[in-house]
Amino acid sequence: MNPKKNLQRRAFTLIEIMVAIAIFAILVAAVYSTWLVILKSSQVAQEAAAQVQRRRIAVRTLEDSLTCLQSFQASMQYYGFYVTNGDAPTLSFVARLPDIFPRNGRFDSNLRRLTFAVEPPPANLGGESSEKDLVLRQNEILKDMDPDEQADPLVLARNVKSFVVECWDTNAMDWATEWDDTNSIPTLVRVTLVMNGNSTGNSASTLAITREIATPSEMLPTPLEQPRIAGGGGGGGGKGTGGNGQIRNRSGGPSGANNGGNHTGPPNGGGFQQF
């Protein structure tokens, strides 16, 4: 081995080391910035997917409930159909719900009043004061609402910008934002749900959906709710020549006196004769 050649070998200079460190730092910064962009994009995509999913669930819940709508004219204090639009929109009605309806296991009966409302989220959720959610509360017919249901409603959609309910008025042949007809229920309901696209409430990015839902049921009139009386009505059917015997039909009304079981007129309604 030649000792002169070993002495001629040189190590990295300070400038070369600084250049290498600078290049490495640039590469690390590029990788980090790319990772941040991917992470932010993934978060935005997850939020958008969650919003779309909640919108789908909200609309599906409205459709399932409105297609099961029920109303009885003789019991409007229990089966009323109420629509309110404006700053605090609400939609309330009674429906006989399927077993797969959300929170069905909490109740003993499938006949329940549903109340859809738009309201600010509870303070413990940390939501902004301007943010509003579409919530659903349920209570069984003829029963008060459970305190837990009142305090913890089912959240169908978050960060709702507007919720508009319109009913088809068959008299005016136009959409109405209020329903004042207490003797019927709307045959067609149009629901418009608009949600902000992100949690910052940017009005330039919104998700909107409009759905027209037909209600296949009609209000049951009062005469159809009254029980029917068997047999004919009361009233004399004929009068015999004498005697103190009496013929009665099935409904219990006198049909006329007879003589020895004979009479000249038939009992009213053709009911069964008792002697």
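The values are calculated or read from the model by the stated rules, or taken from the named source; none is laboratory data. Keep in mind it's a predicted model, so treat the numbers as computed, not measured. Reconstructed Cβ throughout: ideal geometry from the backbone, glycine too, with neighbour counts over all protein chains shown.
Tell me which residues, restricted to the stretch 1-36, are at pLDDT below 85 and not polar (S, T, N, Q).
Correct list: MET1, PRO3, LYS4, LYS5, LEU7, ARG9, ARG10, ALA11, PHE12.
When only residues in the stretch 127-168 that are touching a residue at least 60 places away in the same chain (Cβ under 8 Å) and in a loop (DSSP other than H, G, I, E, B) count, which is farthest from THR187 (Cα to Cα)?
Checking each candidate, the answer is GLU128.
Yes or no: the stretch 59-68 includes at least one residue that is in contact (Cβ under 8 Å) with a residue 40 or more places away in the chain, within 15 Å of MET219 (Cα to Cα) and assigned to a helix (DSSP H, G or I).
Yes, the stretch 59-68 has at least one match.
For SER75, only one of the following conditions fails: (1) closer than 30 Å to LEU154 by Cα; (2) small (Gly, Ala, Ser); (3) at pLDDT below 85; (4) not assigned by TED's automatic domain parsing to the domain that holds LEU156. What is its number?
Going through the list (1) closer than 30 Å to LEU154 by Cα; (2) small (Gly, Ala, Ser); (3) at pLDDT below 85; (4) not assigned by TED's automatic domain parsing to the domain that holds LEU156, SER75 breaks only (4).
Please state which one of LEU114, LEU97 is surrounded by 19 or more Cβ atoms within 10 Å (Cβ to Cβ), under 20 Å from THR67 (Cα atoms) and in contact with a Ser or Thr (Cβ under 6 Å, 6 or more places away or on another chain).
Numbers: LEU97 fails: in contact with a Ser or Thr (Cβ under 6 Å, 6 or more places away or on another chain).
It is LEU114.
Residues are listed down the side, and each one gets a yes or a no for (1) at pLDDT 90 or above; (2) among the hydroxyl-bearing types (Ser, Thr, Tyr); (3) closer than 21 Å to CYS167 by Cα:
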{"position": "GLN51", "(1), (2), (3)": "no, no, no"}
{"position": "ARG54", "(1), (2), (3)": "no, no, no"}
{"position": "ILE57", "(1), (2), (3)": "no, no, no"}
{"position": "LEU66", "(1), (2), (3)": "yes, no, yes"}
{"position": "SER71", "(1), (2), (3)": "no, yes, yes"}
{"position": "VAL83", "(1), (2), (3)": "yes, no, yes"}
{"position": "PRO98", "(1), (2), (3)": "yes, no, no"}
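Kindly indicate whether GLN51 is farther than 14 Å from ILE185 by Cα, free of Cβ contacts under 8 Å to residues at least 60 places away in the same chain and not hydrophobic (A, V, I, L, M, F, W, C). Quick ask: steps written out before the conclusion?
On the way: farther than 14 Å from ILE185 by Cα: yes; free of Cβ contacts under 8 Å to residues at least 60 places away in the same chain: no; not hydrophobic (A, V, I, L, M, F, W, C): yes.
Taking the combined requirement at face value, the residue does not satisfy it.
Sort out which residues of the stretch 128-149 are of a type outside the set (D, E, K, R) and in contact with an Asp or Glu (Cβ under 9 Å, 6 or more places away or on another chain), and write them in order of number.
Across the stretch 128-149, the qualifying residues are LEU134, VAL135, GLN138, ASN139.
List the residue pairs whose Cβ atoms are under 6 Å apart, where the first residue sits in the stretch 72-93 and is closer than 17 Å to ARG190 by Cβ, the second is part of a loop (DSSP other than H, G, I, E, B) and polar (S, T, N, Q), and the two are 6 or more positions apart or on different chains.
Going by the 6 Å Cβ cut-off, the qualifying pairs are ASN85/THR177.
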